[in-house]
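The values are calculated or read from the model by the stated rules, or taken from the named source; none is laboratory data. Given the structure is predicted, the values throughout are model-derived calculations rather than measurements. Quick reminder, even Gly has a Cβ in these numbers, built from the backbone with ideal geometry, and neighbours come from all protein chains shown. These accessible areas exclude ligands, DNA and RNA; they are computed on the full protein's heavy atoms, side chains included. Shrake-Rupley method; radii C 1.70, N 1.55, O 1.52, S 1.80 Å.
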Amino acid sequence: MFSLDPWSFPKSLRPDPLKLEFDLEQRLDALLQLHIQVPDHAYTAPILGTTRSGHGVVIDSEGHILTIGYLVTEAQQIWCRKRDGSVVQADVLAYDQPTGFGILKSFSKLECGYIPIGKANDLRKHDKVYMLGHGGIHQCLKTSIAAVKPFAGSWEYLLEQALFIEPAHPEWSGSPLLNVKGELVGIGSLLTQELKQGQTQQSNMVVPIDLLVPILNNLIKQGHSGLPPRPWLGLYLEEHDEQLVVQHASPQGPAEEAGILPEDLLVSVAGQRVQDLANFYRHVWSIGQAGVEVPLQIARGAELMTINIRSINRSERLIKPTTH
């Protein structure tokens, strides 16, 4: 059930504990390997699968665990393996879709310490950082900030300031990113690829911890941020030659039910021309909260048409967490 691929970083890419300003062993104690089981009928099962694995990190003395939310959304069972090999189960307290964070709480005391929270806003390009992996120093990466910039995902997801690190960690999902003081500054989300000087360069997109701090208490106590839910259309788009092309619509989602088809070109939102994902999301979310009607102008072949989509709260489609 719990296995890691037999990889490790060259010594030049591993942190040197003798030169660190923090206790690496203590940080590794607070890192958990997660194994998640999701029901076959879950809404996200066809895309994310029913068996998922990644990392979680303990963030306080009460045993709350932070991870990336797509790992644990609609989870039926979650097992957390500690560094000593022991396993505990955990519940999902919250999955915050706007940020992408997931919060867990273990059934029993973890007694493995925690990693203090720092500030991602202090980071600049070329700053040295560390991404940890379960399994000891051989799975820890000494890396650096390659960029701090917006990230827009095709699944109606936007971060105005995401962190990108190079070299990339091969086990990035839910992995903690630490600054030189050993403070938690982000959680690994994706492996991205970009063509640079004719070569493909890989990096990890990391969600900055600053997005968590204002909503953490609400996530723990209420299971949500307390902010109004954003309108969700169920659209998957890609950018092509300054045009937004519909890849597909989520099954039985608002866009599909409104008649949006693959290969439709999205021209405008409520009369505002859009040519990239980030501005499309900003315009949609500015209209109102979940439930608002969103007028889209699309081009289908030679025909230009307006389609009104009644948005919903995305979480309505997901299996709700069960607390033991």
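For residues that are aliphatic (A, V, I, L, M) and touching an Asp or Glu at 6+ places or on another chain (Cβ under 9 Å), scanning just segment 107-130, find the one that is farthest from Val207 (Cα to Cα). Quick ask: steps written out before the conclusion?
From segment 107-130, those aliphatic (A, V, I, L, M) are 110, 115, 117, 120, 123, 129; that's our starting set.
In the following step, the residues that additionally are touching an Asp or Glu at 6+ places or on another chain (Cβ under 9 Å) were identified as 115, 117, 120.
Working: Ile115: 16, Ile117: 13, Ala120: 9 Å.
It comes out as Ile115.
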**OP:** Scan Gly69, Gly63, Gly49, Gly54 and give me the residue that is within 26 Å of Pro251 (Cβ to Cβ) and touching a residue at least 40 places away in the same chain (Cβ under 8 Å).
**Re:** Gly54
Subject >> Hits in segment 255-289 - residues which are within 18 Å of Arg300 (Cβ to Cβ), in a helix (DSSP H, G or I) and open to solvent by less than 70 Å² (accessible area, probe 1.4 Å) >> reply: Ala255, Ala258, Phe280
**OP:** Considering each of Tyr114, Tyr95 in turn, give the residue that is assigned to a strand (DSSP E or B) and of a type in the set (Phe, Trp, Tyr).
**Re:** Tyr95
Subject >> Odd one out for Leu104 among (1) under 16 Å from Leu190 (Cα atoms); (2) in a strand (DSSP E or B); (3) in contact with a Cys (Cβ under 9 Å, 6 or more places away or on another chain) >> reply: (1)
Original post:
Taking into account only those residues within segment 165-222 that are outside any strand (DSSP E or B) and of a type in the set (D, E, K, R), which is least open to solvent (accessible area, probe 1.4 Å)?
Top reply: Asp210
**OP:** Hey, can you tell me all the residues within segment 89-138 that are farther than 15 Å from His55 by Cβ and open to solvent by less than 20 Å² (accessible area, probe 1.4 Å)?
**Re:** Asp91, Val92, Ala94, Asp96, Thr99, Gly118, Ala120, Leu123, Val129
Subject >> Residue list for segment 102-150, restricted to those being among the polar types (S, T, N, Q) and more than 21 Å from the chain's Cα centre (by Cα) >> reply: Ser108
Subject >> Any pair with Cβ under 6 angstrom, 6 or more apart, that starts in segment 192-219 at a residue that is under 25 Å from Pro321 (Cα atoms) and ends at one that is of a type in the set (Gly, Ala, Ser) and assigned to a strand (DSSP E or B) >> reply: Val206/Gly186; Val206/Gly188; Val207/Gly186; Val207/Ser189; Pro208/Gly186; Ile209/Gly186; Leu219/Ala94
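A quick yes/no check of all residues on (1) of a type outside the set (Gly, Ala, Ser); (2) assigned to a loop (DSSP other than H, G, I, E, B):
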| position | (1), (2) |
| --- | --- |
| Ser12 | no, no |
| Leu34 | yes, no |
| Asp84 | yes, yes |
| Val88 | yes, no |
Subject >> Residues located in segment 247-283, provided they are β-branched (Val, Ile, Thr) and closer than 26 Å to Pro46 by Cα >> reply: Ile260
